[in-house]
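Asks: Got a structure for you, questions after.
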Protein chains: 2
Amino acid sequence: MDAIKVFCPATIANVSCGFDVLGLALDAVGDEMIVRKTPEKGIKITKITGQDLPTAINKNVAGVAGLTLLDKSDYDGGFEIEIDKRIKPGSGIGSSAASSAGVVWAMNHLLGNPFSNLELVQFAMEGEKLASDVAHADNVAPAIFGGFTLVRSYDPLDIISIPTPAELYATVIHPQIEIKTSESRKILKTNITLEKGIRQWGNLGGLVAGLFQNDYELIGRSLEDHIVEPIRSILIPEFDAIKNNSLEAGALGCGISGSGPSIFTLCKGEDMAKNVAQTMHKTYEPVGIDYDIHISKVNTHGVKIR
Amino acid sequence: MDAIKVFCPATIANVSCGFDVLGLALDAVGDEMIVRKTPEKGIKITKITGQDLPTAINKNVAGVAGLTLLDKSDYDGGFEIEIDKRIKPGSGIGSSAASSAGVVWAMNHLLGNPFSNLELVQFAMEGEKLASDVAHADNVAPAIFGGFTLVRSYDPLDIISIPTPAELYATVIHPQIEIKTSESRKILKTNITLEKGIRQWGNLGGLVAGLFQNDYELIGRSLEDHIVEPIRSILIPEFDAIKNNSLEAGALGCGISGSGPSIFTLCKGEDMAKNVAQTMHKTYEPVGIDYDIHISKVNTHGVKIR
């Protein structure tokens, strides 16, 4: 095979109690990408539609991630990439991670899968480094592995797949204001109280147990964040209203997606997810800020062939 | 039934990355207790063997826990309690919790089980409050539920049972120096860095996932504690030597049991647990401090009839 078209999923990182370690992949929103083998060495981004992004390899996350893989492989040729960028940059649902993850997954596929998913995550992390100065894995890991992933450790990189209950949906609202990941990290405090830490790891343990046991109620109870959400939510207009109304409409839990501004909920079943979307519309229409709403099943496959 | 004899298991709280939320029950070490219904109201501790402890109801954790249950029940009579105290107080393997948990479990059994396990934990926590000024649940929960338990939240109290891999053993060394729980809490810092918090909840997520998946390697990798262990281990003579030698002998992981001074390891299979015990003997014999070593399967039943 010399060319492949892939779907590169959007992702929700942090997931309330899993700051910097947990993430999940979405199904209904993501980029599309065509990757072609070329006899010439190197990587070329031939076309980007949907968003105005640089095609220069060293300025594009897909270029940087792809080059990292190419450097490690013994393949003689190169690749051409076309990106249909459907995830808006700065949305908080892993726009850069989708491009980084998609390109390395597609290249690996075209080369006969010489690299493991864990290695792909490491290559894609180089793209994340370009995007936000830090080589995070909490978006690229679920984009590549699919479902829920836990980054247990960075040194060495240790990624654990957590099972996804069959009826788990996410509803996400993206208020179109820009919050840069690097900015939203700066406002975090370097220290937290031990007491809040204990609540956070109690909740993360509960969330992981809930996912293993298909216990939707436990998943919902565990979606608490007393550390980051109180600080970052200030940057998101009407965060509290969206959260309160979504929970009232039946959402299992609600929090900030990644570093925001997107707000996610988890829901049991598509009907509940749609109810929550309606409530979000009603809440945000009067605000006067443009927004998108996505309803999606949790994507247990990650990047996939289109 | 008017009388019952029960085994009240020792427990390991914290379990490295699960400070204040995680605990597990042991099988090979615990108290024994006989509880009898009496026509007279109230509770009487008629006999304590093994340790020199007060029989006055308000000064004994079993008395306090038992009275709490009695207050909530509509039973007209009372109970007599005999305790064979085999767990040394101040050992860090839940000595007070075993008495508190055992007495409420036995009384509930004699009354026809009117109370849930969660309610029993709440009664037993009153005993813990007497013992250490704080109504902790991380020892009484595994003593009552058995296996591994996660205290996800205290308000409301939410206890999650985590499955136990079939070949999981613990080897515990109890150096006979006294460290009071209240003292060992005082040396902890009120604040931690966010970075260490992230590592801790990453590890707790990994440990819970490892227990669900019977992944002994993942359980081992996740048994890390960068927050409490570096501070408390200073109080325990030869902690580092015990830890390093146990890991070298094959233990999956090693840490402080509760607030110490006991040091626990988790092991895959009885042979490994025995190897680790031998290594502990070799390491501690020259130290000149008395010690006990316990080898135990994880007890998935909690308190049980003898």
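Rule-based calculations on the coordinates, nothing more; no lab input. None of the values given here were measured: they were computed from a predicted structure. We place every Cβ from the backbone using ideal geometry, glycine too, and count neighbours over all the protein chains shown.
Asks: Sequence-distant or interchain residues sharing an amide H contact under 5 Å with residue B:115, placed H: which?
Replies: Amide H neighbours of residue B:115: none.
Asks: A further question follows. Testing the spin-label approximation: label points 7 Å from Cα along Cα→Cβ at residue A:278 and residue A:226. State their distance in nm.
Replies: 3.5 nm
Asks: Go ahead and run the numbers for FRET between residue B:55 and residue B:248, Cβ-Cβ distance against an R0 of 41 Å, rounding to 0.05.
Replies: Result of the calculation: an efficiency of 0.35.
Asks: For region A:1-92, what are Rg and Dmax over the alpha carbons, in angstrom?
Replies: Cα-based Rg and Dmax for region A:1-92 come out at 14.8, 47 Å.
Asks: At what distance in nm do the modelled label points of residue B:301 and residue B:113 sit from each other, each positioned 7 Å from its Cα along Cα→Cβ?
Replies: Here the answer is 1.3 nm between the modelled labels.
Asks: For the protein assembly as shown, what is the Kirkwood estimate of the hydrodynamic radius, computed as the reciprocal of the mean inverse distance between distinct Cα atoms, to one decimal in Å?
Replies: It is 25.8 Å.
Asks: Any lysines with Cα under 20 Å of the residue B:186 Cα? List them, leaving off those in the same chain fewer than 8 positions away.
Replies: Once the sequence-local lysines are set aside, what remains near residue B:186 is A:196, B:129, B:196.
Asks: Now for a different question. Along its principal axes, what span do the Cα atoms of region A:151-213 show, with the longest given first and each in whole Å?
Replies: Cα spread of region A:151-213 along its principal axes, largest to smallest: 36, 33, 27 Å.
Asks: Still on this model: Helix A:95-110 sits at what angle to the longest principal axis of chain A, using alpha carbons and giving 0 to 90 degrees rounded to 10?
Replies: The answer is roughly 40 degrees.
Asks: Using a Förster distance of 25 angstrom, determine the FRET efficiency expected from the C-beta separation of residue B:41 and residue B:182, and round it to 0.05.
Replies: In this case the efficiency is close to 0.15.
Asks: To test your reading of the geometry: what angle, between 0 and 90 degrees and rounded to tens, separates the Cα axis of helix A:239-248 from the longest principal axis of chain A?
Replies: Helix A:239-248 and the main axis of chain A meet at about 70 degrees.
Asks: Restricting to bridges with both residues inside chain B, how much of the DSSP beta-bridge set is antiparallel, in percent to the nearest 5? All intermediate terms of the calculation are to be shown ahead of the outcome.
Replies: Values: 46 of 53 bridges.
Roughly 85 percent of the DSSP beta bridges within chain B come out antiparallel.
Asks: Report ³J(HN,Hα) in whole Hz for each residue of region B:265-277, in order, from the Karplus equation J = 6.51 cos²θ - 1.76 cosθ + 1.60 where θ = phi - 60°; Gly and Pro get x.
Replies: So the J values, rounded to whole Hz, are 10, 9, 9, 8, x, 5, 4, 5, 4, 6, 4, 5, 4.
Asks: A further question on this structure: How big is region A:214-294 by Rg and Dmax over its Cα atoms, in Å?
Replies: Considering region A:214-294 through its Cα atoms, Rg and Dmax are 12.3, 38 Å.
Asks: Averaged across orientations, what area in nm² does the convex hull of the alpha carbons in chain A project?
Replies: For the Cα atoms of chain A, the hull's average projected area reads 14.7 nm².
Asks: Also, quick follow-up: 7 Å along Cα→Cβ for the label point: how many nanometres lie between residue A:271 and each equivalent label in the other copies, listed shortest first?
Replies: 5.6
Asks: On a 0 to 90 degree scale, rounded to 10, what angle separates helix B:61-72 from the longest Cα axis of chain B?
Replies: Its long axis makes an angle of about 50 degrees.
Asks: Which distances, in nm and shortest first, link the residue A:1 label point to the same label point in every other copy, taking 7 Å along Cα→Cβ?
Replies: Label-point separations across copies, in nm and ascending: 6.2.
Asks: Based on the alpha-carbon set only, what is the convex hull volume of region A:3-163 divided per residue, in Å³?
Replies: 103 Å³
Asks: Note the distances from residue B:244 to each other copy's matching label point, with points 7 Å along the Cα-to-beta-carbon direction, in nm, sorted shortest first.
Replies: 5.7
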